[in-house]
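Undergrad: Can you keep this structure in mind? I'll have questions shortly.
The values are calculated or read from the model by the stated rules, or taken from the named source; none is laboratory data. Quick caveat, the model's predicted, so the values are computed rather than measured. Note that we place each Cβ from the backbone using ideal geometry, even for glycine, and neighbour counts take in every protein chain shown. The protein model used for the area step is the full one, side chains on, heavy atoms only, and it has no ligands, DNA or RNA in it. Shrake-Rupley method; radii C 1.70, N 1.55, O 1.52, S 1.80 Å.
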Amino acid sequence: MNRRKFLTVAGASAVTLGASGLGFSQIREYGLSTTADLSGEWDFRFDPEDSGEKLGWHRDQQASGWSRIRVPLSFNAAFPDHANYHGKAWHRTVFRLPAPESGGRTLLRFLGVALRSKVWLNGQPVGEHLFPFTNFTLDVTEAVLPHDLNYLVVMADNKVLDRAIPDTRWTGWWNCGGINREIYLERKPPAYLEDPIITTRMEGGDRWKLSVRVPVRNTAEKQSGRLRISVQDSARRVLWRSEAAMPLDQGTAWREFHKTMKNVAAWSPEHPSLYSLLVKLIPDQGARDQKTTRFGFRQIETRGTEFYLNGEPLKMRGINRHELYPGDGMTVPAFETRQDFEDIKKLGCNFVRLTHYQQHPRVYDLCDELGLLLWSEIPAWQTSPETLSDPEVWETYGAPQLQEMIEQNRNHPSVIIWSVGNEFHSNLPAVAGYVREATRFVRRLDPTRLVTFASDQRIKDISFDSVDFIALNEYYGWYYGSFDEVGPMLDAVHTKWPGKPILVSEFGAEAVLGLRNPQANDKSRDYSEDFQVLLLTSHLRQMLDPKRRSFMVGETIWVYNDFECPVRGFHPKPPPGSEHINRKGLVSRHRKKKLAFAVVQKIYSDAAKG
Ligand code: ADA
């Protein structure tokens with residue numbers, strides 16, 4: 001998602017409805033001009049019998065049967081006795097806001113409701129969304145009541161379906177259902193700006209070609225207006241201004257701007273220089289709109305078996321990160337999120353694979369600021385060949401989920417890789433078909449980034465022809481094989497696909513924080529911190545071996561943080577207390593560092609010195 005201005009409106013307050021007779025715990029009053037955050041205490045109830053809709057819970061205004069929940073928060077985390085609940089759950093709140101200006105729109109922006117959601121306002125259905133990790137916006141203008149009480153009901157369903165993405169093979173992390181991320185209420189004039197598409201291309205020296213496409217949505221009568229755009233650096237110096245007539249037909253219209261920019265600083269992990277695009281929409285009649293979007297001048301490409309960032313060879317030192325925190329489920333607070341990425345930067349990483357889904361919008365903003373390259377993925381986690389090759393699944397879950405991920409994150413310079421999934425049967429023709437179609441689709445939407453998936457098939461894979469580079473998940477010395485098989489496996493893959501860069505997208509071992517065994521050896525697999533150090537050291541040595549430098553573009557350790565994984569069985573048998581936790585983190589669930597953290601820090605820092 002682009003960096004939007006989410007202003008919590010001064011004067012917005014939540015009033016407890018003591019003797020009002022209404023069932024709702026709170027009513028939110030807004031003196032609303034731009035945007036209000038609906039976070040806070042909402043009413044809540046589980047719906048294990050799936051009877052809520054039949055019983056009219058979307059219209060229910062009584063107190064009985066409803067308890068309270070903090071929004072946003074995964075319901076599985078809010079109610080520990082329902083940690084493994086899979087099904088529907090209902091959330092409701094009530095708010096009041098003044099009438100909009102004539103013809104103005106009222107929008108509800110949802111940053112993430114899992115796994116699927118349905119929304120009612122004042123008893124009217126206003127929209128549905130089928131994906132857990134992407135944002136969605138509903139225009140509720142026709143349903144909202146100015147000056148009066150507005151009853152907002154959000155039903156979230158985290159039952160995993162057979163034919164969906166993710167499908168029932170998904171057991172990779174805790175299925176946290178509910179309103180995992182904030183919901184915003186936003187007022188817009190009748191004609192308003194949507195997210196621009198900003199692309200940058202190197203033209204040589206310090207010259208960059210900047211292209212901007214601005215979409216304007218007009219919900220009122222046809223008229224005309226003007227667009228004013230400007231580019232500012234981080235000190236707010238204006239580097240370029242332009243203005244153009246903008247016909248405001250009904251629906252969405254686009255306007256393009258192009259400019260060769262000189263003397264701009266490229267964005268890179270070492271120098272994450274950011275710029276802002278300001279767009280103003282000035283209709284001949286009615287209110288103006290404006291939007292600020294941050295971006296960077298950055299170009300990623302492959303040349304032979306290497307990656308080039310802004311024309312310079314790039315090696316990626318990386319780690320995977322899951323968006324989970326004890327007590328908060330997938331609703332990781334802003335402070336902890338920042339700490340994670342600052343810590344990852346200190347580890348010596350320049351790259352993070354966001355496994356296995358689009359994370360909170362603040363993650364992308366942070367990585368732009370800190371200088372961390374990103375891989376962003378849809379949750380096609382070990383999805384079955386039957387699901388992936390089903391055309392209806394592609395139409396309903398595959399293509400739209402990829403499209404939303406790309407449209408919501410494409411102005412972030414940090415994002416350099418789109419991934420169409422993880423560890424599916426990419427050794428089978430049906431799955432190779434999915435990879436072909438999905439990568440083609442991604443390139444059509446965004447030809448400026450690299451596209452791939454994480455494979456666990458190694459030499460047996462038959463889908464690599466479709467991708468820009470090969471990404472391999474390997475667990476030698478943990479789930480199978482021995483430490484010293486890593487290098488030979490990489491060489492074999494390189495021999496079979498000599499023209500493709502190779503990244504190791506996962507490797508790691510479990511370690512329980514504080515469990516020590518100084519006698520650990522490469523066979524012990526004993527969940528000790530010492531074994532984890534041995535495995536990571538050996539794997540990294542083989543990956544960073546100068547003889548593989550010509551085709552290895554980087555490596556991504558599994559994983560930054562330990563995390564809840566209640567369904568999956570781990571092997572070898574974990575020690576008591578670890579049965580439902582993936583302990584392959586370099587830090588514990590509470591972010592306490594294991595021995596391996598400092599060891600990897602040293603290896604990555606030596607590798608950066610070349
Ligand atoms: C897989 C998967 C990860 C994680 C890992 C593990 O490779 O891609 O999500 O579950 O295994 O820890 O076993």
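Undergrad: Would you mind stating whether Phe469 is in the same structural domain as Asp343 (by TED's automatic domain parsing), at pLDDT 95 or above and of a type outside the set (Gly, Ala, Ser)? Let's see the steps before the verdict.
TA: Details: in the same structural domain as Asp343 (by TED's automatic domain parsing): yes; at pLDDT 95 or above: yes; of a type outside the set (Gly, Ala, Ser): yes.
So Phe469 passes the test.
Undergrad: Please specify each residue of the stretch 418-440 satisfying the condition of being more than 16 Å from the ligand (Cβ to nearest atom), touching a residue at least 40 places away in the same chain (Cβ under 8 Å) and open to solvent by less than 30 Å² (accessible area, probe 1.4 Å).
TA: Residues satisfying the conditions are Trp418, Gly433, Tyr434, Ala438.
Undergrad: Name the pairs whose Cβ atoms lie under 6 Å apart, with the first residue in the stretch 491-508 and within 24 Å of Arg317 (Cβ to Cβ), the second hydroxyl-bearing (Ser, Thr, Tyr), and 6 or more positions between them or separate chains?
TA: Hits for this filter: Pro501/Thr302; Pro501/Thr305; Ser505/Thr556.
Undergrad: Counting residues that are over 30 Å from Trp208 (Cα atoms), which strands (runs of 3 or more DSSP E) fully inside the stretch 297-336 reach at least 2? Give the derivation first.
TA: On the way: elements: 300-303, 306-309, 312-314, 316-321.
By residue number, 316-321.
Undergrad: Filter the stretch 119-150 down to the residues that are in contact (Cβ under 8 Å) with a residue 40 or more places away in the chain and either in contact with an Asp or Glu (Cβ under 6 Å, 6 or more places away or on another chain) or buried (at least 20 other Cβ atoms within 10 Å of the Cβ) (or both) and list them by number.
TA: Those that are in contact (Cβ under 8 Å) with a residue 40 or more places away in the chain and either in contact with an Asp or Glu (Cβ under 6 Å, 6 or more places away or on another chain) or buried (at least 20 other Cβ atoms within 10 Å of the Cβ) (or both): Trp120, Phe131, Pro132, Phe133, Thr134, Asn135, Val144, Asn150.
Undergrad: When you scan the stretch 588-607, do you find a residue that is within 14 Å of the ligand (Cβ to nearest atom), on the phi < 0 side of the Ramachandran plot, in contact with a Phe, Trp or Tyr (Cβ under 9 Å, 6 or more places away or on another chain) and not charged (D, E, K, R), even just one?
TA: Among the residues of the stretch 588-607, not one is within 14 Å of the ligand (Cβ to nearest atom), on the phi < 0 side of the Ramachandran plot, in contact with a Phe, Trp or Tyr (Cβ under 9 Å, 6 or more places away or on another chain) and not charged (D, E, K, R), which makes the answer no.
Undergrad: On to the next question. Pick from the stretch 458-472 the residues that are within 13 Å of the ligand (Cβ to nearest atom) and in contact with a helix residue (DSSP H, G or I) (Cβ under 9 Å, 6 or more places away or on another chain): which of them is nearest to Ile416 (Cα to Cα)?
TA: Restricting attention to the stretch 458-472, the residues satisfying the condition of being within 13 Å of the ligand (Cβ to nearest atom) are 458, 471-472.
Applying the additional criterion that residues be in contact with a helix residue (DSSP H, G or I) (Cβ under 9 Å, 6 or more places away or on another chain) yields 458, 472.
On the way: Arg458: 23, Leu472: 17 Å.
The qualifying residue nearest to Ile416 (Cα to Cα) is Leu472.
Undergrad: What residue, of Glu243, Glu221, is closer than 23 Å to Leu107 by Cβ and free of Cβ contacts under 8 Å to residues at least 40 places away in the same chain?
TA: Values: Glu243 fails: closer than 23 Å to Leu107 by Cβ.
The unique qualifying residue is Glu221.
Undergrad: Run Trp478 past the list (1) under 28 Å from the mean Cα position of the chain (by Cα); (2) within 14 Å of the ligand (Cβ to nearest atom) and report the number of the one that doesn't hold.
TA: Unmet for Trp478, out of (1) under 28 Å from the mean Cα position of the chain (by Cα); (2) within 14 Å of the ligand (Cβ to nearest atom): (1).
Undergrad: Quick one: how many residues across the stretch 367-376 are open to solvent by less than 10 Å² (accessible area, probe 1.4 Å), away from the ligand (no atom under 16 Å from the Cβ) and not acidic (Asp, Glu)? I'd like the intermediate steps shown before the answer.
TA: To start, the set of residues in the stretch 367-376 that are open to solvent by less than 10 Å² (accessible area, probe 1.4 Å) comprises 367-368, 371-376.
Going one step further and asking which of them are away from the ligand (no atom under 16 Å from the Cβ), we end up with 367-368, 371-374.
Still in the running and not acidic (Asp, Glu): 367, 371-374.
Selection size over the stretch 367-376: 5.
Undergrad: OK, next. Can you tell me how many residues within the stretch 272-296 are of a type in the set (Gly, Ala, Ser) and assigned to a strand (DSSP E or B)? Talk me through it step by step, then tell me what you get.
TA: Initial filter on the stretch 272-296 (of a type in the set (Gly, Ala, Ser)): 273, 276, 286-287, 296.
Next, only the ones that are assigned to a strand (DSSP E or B) stay: 276.
Going through the stretch 272-296 one residue at a time, the tally reaches 1.
Undergrad: For Leu540, indicate whether it is crowded, with 20+ Cβ neighbours inside 10 Å and either closer than 30 Å to Thr168 by Cα or within 16 Å of the ligand (Cβ to nearest atom) (or both). Full working, then the answer.
TA: Details: crowded, with 20+ Cβ neighbours inside 10 Å: yes; either closer than 30 Å to Thr168 by Cα or within 16 Å of the ligand (Cβ to nearest atom) (or both): no.
Considered against the rule, which asks whether it is crowded, with 20+ Cβ neighbours inside 10 Å and either closer than 30 Å to Thr168 by Cα or within 16 Å of the ligand (Cβ to nearest atom) (or both), Leu540 comes out as no.
Undergrad: What number of residues in the stretch 40-52 are within 29 Å of the chain's Cα centre (by Cα), buried (at least 19 other Cβ atoms within 10 Å of the Cβ) and either not in a strand (DSSP E or B) or not charged (D, E, K, R) (or both)?
TA: The qualifying residues number 2.
Undergrad: Sticking with this structure for a sec: Just checking, how many residues over the stretch 169-207 are among the β-branched types (Val, Ile, Thr), away from the ligand (no atom under 16 Å from the Cβ) and assigned by TED's automatic domain parsing to the domain that holds His129?
TA: Taking the stretch 169-207 and keeping what is among the β-branched types (Val, Ile, Thr), we get 171, 179, 183, 197-200.
Then drop every residue that is not away from the ligand (no atom under 16 Å from the Cβ), which leaves 179, 183, 197-200.
Add one more test, that the residue is assigned by TED's automatic domain parsing to the domain that holds His129, and what stays is 179, 183.
Number satisfying all stated conditions: 2.
Undergrad: May I ask you to list pairs of residues, at least six apart or on different chains, whose Cβ atoms are under 7 Å apart, with the first in the stretch 470-490 being farther than 11 Å from Arg458 by Cα and outside any loop (DSSP other than H, G, I, E, B) and the second being away from the ligand (no atom under 15 Å from the Cβ) and among the acidic types (Asp, Glu)?
TA: Tyr476/Glu485; Phe483/Asp522; Gly487/Asp545
Undergrad: Take the conditions more than 16 Å from Gly585 (Cβ to Cβ), of a type in the set (D, E, K, R) and without any contact (Cβ under 8 Å) to a residue 60 or more places away in the chain and apply them to Lys291. Does it pass? Spell out the reasoning first.
TA: Numbers: more than 16 Å from Gly585 (Cβ to Cβ): yes; of a type in the set (D, E, K, R): yes; without any contact (Cβ under 8 Å) to a residue 60 or more places away in the chain: no.
Considered against the rule, which asks whether it is more than 16 Å from Gly585 (Cβ to Cβ), of a type in the set (D, E, K, R) and without any contact (Cβ under 8 Å) to a residue 60 or more places away in the chain, Lys291 comes out as no.
Undergrad: Would you mind stating whether Ala509 is closer than 24 Å to Lys460 by Cβ, part of a loop (DSSP other than H, G, I, E, B) and either within 16 Å of the ligand (Cβ to nearest atom) or modelled with pLDDT of 95 or more (or both)? Even if it seems obvious, please write down each step before you answer.
TA: On the way: closer than 24 Å to Lys460 by Cβ: yes; part of a loop (DSSP other than H, G, I, E, B): yes; either within 16 Å of the ligand (Cβ to nearest atom) or modelled with pLDDT of 95 or more (or both): yes.
So Ala509 passes the test.
Undergrad: Being of a type in the set (Gly, Ala, Ser), within 30 Å of His129 (Cβ to Cβ) and open to solvent by 20 Å² or more (accessible area, probe 1.4 Å) narrows it down to one of Ser224, Ser276, Ser242, so name that one. Don't jump to the end; show me each part of the working.
TA: Working: Ser224 fails: within 30 Å of His129 (Cβ to Cβ); Ser242 fails: within 30 Å of His129 (Cβ to Cβ).
That would be Ser276, the only listed residue that is of a type in the set (Gly, Ala, Ser), within 30 Å of His129 (Cβ to Cβ) and open to solvent by 20 Å² or more (accessible area, probe 1.4 Å).
Undergrad: Of the residues Thr168, Thr137, only one is outside any loop (DSSP other than H, G, I, E, B) and not aliphatic (A, V, I, L, M); which?
TA: Details: Thr168 fails: outside any loop (DSSP other than H, G, I, E, B).
Residue meeting the stated conditions: Thr137.
So that you can scan it fast, the table gives a plain yes or no per residue for (1) in a loop (DSSP other than H, G, I, E, B); (2) aromatic (Phe, Trp, Tyr); (3) open to solvent by 30 Å² or more (accessible area, probe 1.4 Å):
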| residue | (1), (2), (3) |
| --- | --- |
| Lys54 | yes, no, yes |
| Arg68 | no, no, yes |
| Val94 | no, no, no |
| Pro100 | yes, no, yes |
| Gly103 | yes, no, yes |
